[in-house]
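Asker: Before I ask anything, let me first share the structure, which is written out below as structure tokens.
The values are calculated or read from the model by the stated rules, or taken from the named source; none is laboratory data. Everything numeric here is computed off the predicted structure, so don't read it as measured data. Glycine gets a Cβ as well: all are built from the backbone with ideal geometry, and neighbour counts include every protein chain shown. The accessibility values were calculated without ligands, DNA or RNA, using every heavy atom of the protein model including side chains. Shrake-Rupley method; radii C 1.70, N 1.55, O 1.52, S 1.80 Å.
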Amino acid sequence: MNKDIPAIVDAVIDSRYSCRAFLSTEVPKQLIEEILAIAARAPSGTNMQPWKVWVLTGSSKQRLSERLVATFDDPEEAATHTETFAYYPKKWLSPFIERRRKVGIELYKLLDIQKGDAERMHKQHARNFQFFDAPVGLIFTIDTTLEQGSWIDYGMFLQNIMLAAKARGLDTCAQAAFLQFHRIISEDLELPENETVICGMALGYADPDAPENTLRTERAPLSEWVTFKP
């Protein structure tokens, strides 16, 4: 094996981050296909390959984004939409709550959003539904008959997409925010009845001047979560 490969792979993994501001630069369809094809080498139980991807660009992305933002901006209407599954815990405990608060505080500080500024917080959250202005929006679905093992496999596929994109000079942001409005997404994309939304993802070229793109989240040291048993 080439001795440089570990360093290259490590650099790609280490440089991946959640990009929250993108340039309008178009991503060629061939490049998107290349990323998805290599990402599909992710392992899955008995090679079921549980992933299904909906690639949105141009008018299709704009149409869905406009519908989602309009619903999100209407408190009464938004309240009628609930997630298909609980992504976050119902009760936040340590150390998870501290980690969550820290990244929220750091992001809002970079965006100069003050604590209690509900209007600007709302607008920032709404940017999720615009895929943070990325030229490509990805929606991921899974067959409802599949069980938890396939969801684990799906996570490895998503990570492969993010790393393959990074290796090609693009950035991404995985987005659970779309879960709340799965009914709108299902209707807009005409999803089969047996398909449920897992998440969305923004894909494109990062805006290097956006302050939010300087955020790099910490990782806990191995001593906090690894146990070696001799």
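Asker: Open to solvent by less than 20 Å² (accessible area, probe 1.4 Å), in contact (Cβ under 8 Å) with a residue 24 or more places away in the chain and under 12 Å from the mean Cα position of the chain (by Cα): does that describe residue 139?
Answerer: So residue 139 fits the description; yes.
Asker: Separate question: Given the conditions (1) surrounded by 15 or more Cβ atoms within 10 Å (Cβ to Cβ); (2) more than 22 Å from residue 161 (Cβ to Cβ); (3) in contact with a helix residue (DSSP H, G or I) (Cβ under 7 Å, 6 or more places away or on another chain), report the number of the one that residue 106 does not fulfil.
Answerer: The failed condition is (3).
Asker: Can you find a residue in the range 119-133 that is out of contact with any helix residue (DSSP H, G or I) (no Cβ under 9 Å at 6 or more places or on another chain), part of a helix (DSSP H, G or I) and closer than 20 Å to residue 183 by Cα?
Answerer: No, there is no match, as no residue in the range 119-133 is out of contact with any helix residue (DSSP H, G or I) (no Cβ under 9 Å at 6 or more places or on another chain), part of a helix (DSSP H, G or I) and closer than 20 Å to residue 183 by Cα.
Asker: Right, something else. Of everything in the range 56-101 that's in a loop (DSSP other than H, G, I, E, B) and among the polar types (S, T, N, Q), which residue is surrounded by the fewest Cβ atoms within 10 Å (Cβ to Cβ)?
Answerer: First, the residues of the range 56-101 that are in a loop (DSSP other than H, G, I, E, B): 57, 73-74, 79-95.
Those left that are additionally among the polar types (S, T, N, Q): 57, 80, 82, 84, 94.
Values: 57: 17, 80: 9, 82: 11, 84: 14, 94: 7.
Within the range 56-101, the match that is surrounded by the fewest Cβ atoms within 10 Å (Cβ to Cβ) is 94.
Asker: Still on this structure, please answer the following. Within the range 3-45, work out how many residues are out of contact with any strand residue (DSSP E or B) (no Cβ under 7 Å at 6 or more places or on another chain) and part of a helix (DSSP H, G or I).
Answerer: 21
Asker: Can you say whether residue 57 is at pLDDT 95 or above and among the polar types (S, T, N, Q), as far as the supplied structure shows? I'd like the intermediate steps shown before the answer.
Answerer: Details: at pLDDT 95 or above: yes; among the polar types (S, T, N, Q): yes.
Yes: the conditions hold for residue 57.
Asker: Which residue is most open to solvent (accessible area, probe 1.4 Å), if the candidates are limited to the range 3-55 and must be among the hydrophobic types (A, V, I, L, M, F, W, C) and free of Cβ contacts under 8 Å to residues at least 40 places away in the same chain? Step through it out loud before you land on a result.
Answerer: Restricting attention to the range 3-55, the residues satisfying the condition of being among the hydrophobic types (A, V, I, L, M, F, W, C) are 5, 7-9, 11-13, 19, 21-23, 27, 31-32, 35-40, 42, 48, 51, 53-55.
Of the ones still in play, those that are also free of Cβ contacts under 8 Å to residues at least 40 places away in the same chain are 5, 7-9, 11, 37.
Numbers: 5: 71, 7: 66, 8: 101, 9: 74, 11: 56, 37: 67 Å².
Of everything passing the filter in the range 3-55, 8 is most open to solvent (accessible area, probe 1.4 Å).
Asker: Further question on the same structure: Across the range 190-222, what is the number of residues that are over 21 Å from residue 22 (Cβ atoms) and open to solvent by less than 40 Å² (accessible area, probe 1.4 Å)?
Answerer: Just the residues of the range 190-222 that are over 21 Å from residue 22 (Cβ atoms), to begin with: 190-198, 218-222.
Now narrow it down to the ones that are open to solvent by less than 40 Å² (accessible area, probe 1.4 Å): 191, 195-198, 220.
Number of matching residues: 6.
Asker: On to the next question. Could you tell me which of the residues 175, 159, 124 is modelled with pLDDT of 95 or more, crowded, with 18+ Cβ neighbours inside 10 Å and of a type in the set (S, T, N, Q)? Before you say what the answer is, go through the steps one by one.
Answerer: Values: 159 fails: crowded, with 18+ Cβ neighbours inside 10 Å; 124 fails: crowded, with 18+ Cβ neighbours inside 10 Å.
Of 175, 159, 124, the one residue that is modelled with pLDDT of 95 or more, crowded, with 18+ Cβ neighbours inside 10 Å and of a type in the set (S, T, N, Q) is 175.
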